[in-house]
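Each reported figure results from applying straightforward, stated rules to the coordinates on display, with no laboratory input. As the structure is a prediction and not an experimental result, all values here were calculated from the model. Every residue, glycine among them, receives a Cβ derived from its backbone with ideal geometry; neighbour counts consider all protein chains shown.
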Amino acid sequence: MNKYKWKKEIMVFICLLPFVLAGIFFIYSRAQAQTDSITAIVKVSVCGDNIAEGSEDCDGSALDGQTCLSLGFDGGTLSCDPGCVFNTSECVTLEPEETNGSVIFSGKSYPVSAVIILKDGQSAAVTATDVNGNFETTLPNISVGIYTFSIYAYDNNSKPSGLLNYRVEISGGEIEEVAGITITPTISADKSEVEKGKNITFFGQSVPRSRVVIYLVSDEGEEISVETVSGADGLYSYQFDTDLIEQADYEAGARTFVSDSRFSARSGAVDFEVGEESESAVTVRCGGIADLNNDCHVNLIDFSILIYWFGHDHPIGKVDLDNDKRVSLTDFSILMYHWTG
Amino acid sequence: MIKFSKIKNCFIAILIGFTLFFTITPALAAETFFQSGSNEVVAGQLIKIDFFLNAENQNINALEGNIIFCPCSLNLNKINDGSSIINFWVKKPQIESDGRIIFSGAVPGGFSGSDGFLFSLTFQTRGAESESDTSYPQNSEINSQSVRAFLNDGKGTEINISPSGFNFTVCDVCEKSQENASEDITVLNKDNNPPEVFAPYIIKNPEILDGQWALVYYAQDKESGISHYEVSETKDKLDLNKNNEKNVSWAITDGPYSLKDQELKNYVYVKAVDKAGNERIAMVLPQKSEKYSHYIYIKSCAIIAAIVLLAAAFVFICRCRSKISKSDEYHK
């Protein structure tokens, strides 16, 4: 019977053990906190002895090394009043100059799409267009200086348009305006190689209800152009009969005409070949030629990877953009063309 | 009659020549060029020369080259690339060897204008060592050399760039002495603004630094230009308002920086310093907080210990109860 009683006591002890341990831990923590030492220094200071000490800001001519500037004023003369407190009545605060300015960007792009603004190559703002492709946005609070603003948009297939660059000088308190921007259309082809006599389809997105001129340039520099009109959604496509051109390598670009006097720059080019057989084009959304870290952006990270290899032969991975087995400025040129910030 | 016809033919030929000369304009090549406030400078004084790109309506997105000068007559005082059209320097304009400045940079989307400012050079001309000394060079020049430019066409097409130069006279007393160089020095001293706000990134990529965690960054300064970068990794967050960044050690760096703390538990600070000494500090938060992970670890251990203890107690109680009941039955 005694044996069972002893066992019951053990059971009670084990049940209480977690609580006891928690209690010890709690008490230990408190005790640890209370063991920090306190050191107090008592000093008597006399105002009027020309020695700034103790709680005195200053004493007579002793200003404790302070000036109007160090106290946050823009200038003037600091003195000490008889109560050994700083006298800042002779300190001066200048009216703050407007050191920042703003820029308003407005123009036309693809309907209900994202328009991205880069400041000196780095992302600064994103805005959206309305159903007619219009956009307007303000970039506030920019320090005085000359900047390169780059503007581009993503089409309905998340393909970026080419960058449009504007050099703008920002003055303090001024609002600059960059108006009448027309985003370049995007262009893709359904084939990378097309059998002569078969059709190749060019398609992309543009300002809605605008004239889209497609330029085909052969590797010998001969150029022909065809045109179509984009729909209310900005989409366009054009089937081109390759019977009209010779077997050769070509690049196709497009330009949007909002009116006869208002048109975009020519878009980036899409390459294709007119040859013996047809081959479908491969669409790459992320991890394209210049997207070295495959994050769907071509930006400072990709630039830094390229910088690391600059001047080196036989780089690893995708770094050699022009396949000449060396990282040179040519590779940076290709990177800059694909830049998205 | 024949004479008249000859004169007439000559006149027509000259007319056609003039017409062709004025109507057919040769395709102009892009060029770099130098510009200065004056082409005369007093011996021993400073001269500031700006270096520009005229893209001639071609869209140029990368440019590199050399600038050559004679160190016998000129001493490079300063290079200023603030407000350059080049957004990203691959190699900032810098002295590579005596009398040779190299540069290499790129601009997203390209530049197609006619007066794109690249950078400015301030030289000190050699002065007379004594009143009778007139041996210093009376003329000086700087020239661009091996300049390569690339089109923004996605293929890195290289185009021709015409070489350019700038000649100036070094004189005792000049009619038009240059004033802008000394003004420029004043501007440099006046540059009280820190570099632009910038955002560093922490990346891990097999293509750089053997796939280690690395820090990448790039800042711009509109006045004097960026001088250099410094990096610091600290366990504790710095209060930048209290200037306590001065108490930590900073490592001067250039290009991607391999982080010492590969577990990303530290705060990482990047300091961009402009040529006038102004600083802008950007911070990257720890990706994994050490304090937090310790707290999680202790908490997890405590919970597991409590569960084990409770389970052991429960099993023990059950066993004892069954033994007690068996014993009671036996006694009955």
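List the residues, sorted by chain then number, that are 5 or more residues from A:Glu176 or on another chain and whose placed amide H is less than 5 Å from its amide H. Residues meeting the amide H criterion: A:Ser102, A:Val103, A:Ile104. For the pair the stretch B:46-81 / the stretch A:204-229, the C-alpha centres are spaced 39 Å from each other.
Scanning residues 5 or more positions from A:Gly121 or on other chains, those with amide H under 5 Å from its amide H are A:Ser150, with H placed 1.01 Å from N in the peptide plane. 3J(HN,Hα) along the stretch B:250-264: 10, 10, 6, 9, 8, x, x, 10, 6, 5, 5, 8, 7, 8, 6 Hz, from the Karplus curve 6.51 cos²θ - 1.76 cosθ + 1.60 with θ = phi - 60°, whole Hz, x for Gly and Pro. Once the Cβ-Cβ distance of B:Ser114 and A:Thr67 is raised to the sixth power relative to R0 = 51 Å, the FRET efficiency obtained is 0.55. Modelled this way, with points 7 Å down the Cα-to-C-beta line, the labels at A:Thr93 and B:Ile159 are 5.4 nm from one another.
Helix-derived [θ] at 222 nm for chain A: sum -39500 (n - 2.57) over DSSP H runs of at least 4, divide by residue count, nearest 500?
-5000 deg cm²/dmol
Each Cα pair under 8 Å and six or more residues apart adds its sequence gap; the mean of these over the residue count of the stretch A:188-280 is a relative contact order of 38 percent.
Treating each Cα of the stretch B:201-284 as an identical point scatterer and summing with the Debye formula, the log10 of I(q)/I(0) at q = 0.12 Å⁻¹ comes to -0.36. Listed by number, the DSSP H helices of chain A that run 27 Å or longer by alpha-carbon position along their axis and have mean Kyte hydropathy of at least 0.0 are A:2-34. Across the stretch B:43-125, how large is the tail of the calculated P(r) beyond 22 Å, expressed as a percent of all Cα pairs? The calculated P(r) of the stretch B:43-125 puts 27 percent of pairs beyond 22 Å.
Measuring nothing but alpha carbons in the stretch A:183-223 and taking Rh as the Kirkwood radius, the Rg to Rh ratio lands at 1.01.
Inter-chain neighbour count for B:216-225: the average number of beta-carbon atoms from partner chains within 10 Å of each residue's beta-carbon is 4.
B:Ala251 label point, 7 Å along Cα→Cβ, cut-off 17 Å on backbone N: hits in the stretch A:291-325? What the label zone holds, given the 17 Å backbone N cut-off, is A:308. Using a Gaussian network model of chain A in which every pair of alpha carbons under 10 angstrom is joined by a spring, one finds that among A:Gly48, A:Gly121, A:Gly101 the greatest mean-square fluctuation is at A:Gly48.
Hey, got the average number of other protein chain Cβ atoms within 10 angstrom for residues in A:146-152? Other-chain Cβ atoms within 10 Å of each residue's Cβ, averaged: 4.
Counting, for every residue in B:39-48, the Cβ atoms of other protein chains within 10 Å of its Cβ and taking the mean gives 0.
In summary, the convex hull built on the alpha carbon positions of the stretch A:49-190 has an orientation-averaged projected area of 13.3 nm². When A:Ser89, B:Ser140, A:Ser171, A:Ser79 are sorted by how many other C-beta atoms sit within 10 angstrom of their C-beta, beginning with the fewest, the order is A:Ser89, A:Ser171, A:Ser79, B:Ser140. Can you tell me, using C-alpha contacts under 8 Å and at least 6 residues apart, the relative contact order of the stretch A:225-341 as a whole percent? Normalised by residue count, the contact order of the stretch A:225-341 is 15 percent.
Set the Cα radius of gyration of chain A against 2.2 N^0.38 Å, with N its number of residues, and you get 1.76.
In what order do A:Glu251, B:Glu329 fall by count of nearby beta-carbon atoms within 10 Å, going from fewest to most?
B:Glu329, A:Glu251
A simple packing score, the average count of other Cβ atoms within 10 Å per residue, orders the peptides A:225-235, B:75-85 as B:75-85, A:225-235, with the highest score first. In terms of its Cα atoms, the stretch A:202-253 spans 35, 18, 12 Å along the principal axes, sorted from long to short. Computed over chain A with a Gaussian network model linking Cα atoms closer than 10 Å, the most mobile of A:Asn100, A:Asn293, A:Asn50 is A:Asn50. Database remark: amide H of A:Cys80 closer than 5 angstrom to the amide H of A:Asn87 (H placed geometrically; neighbours at sequence offset of 5 or more, or on other chains; Pro and chain starts carry no H). Normalised by 2.2 N^0.38 Å, with N the number of residues, the alpha-carbon radius of gyration of the stretch B:80-126 equals 1.29. Here the Kirkwood formula, the inverse mean of 1/r across different C-alpha pairs, assigns the stretch A:188-280 a hydrodynamic radius of 13.4 Å.
Hey, fewest Cβ within 10 Å first, where do A:Trp309, B:Trp250 land in order? Ranking A:Trp309, B:Trp250 by Cβ neighbours within 10 Å, fewest first, gives B:Trp250, A:Trp309.
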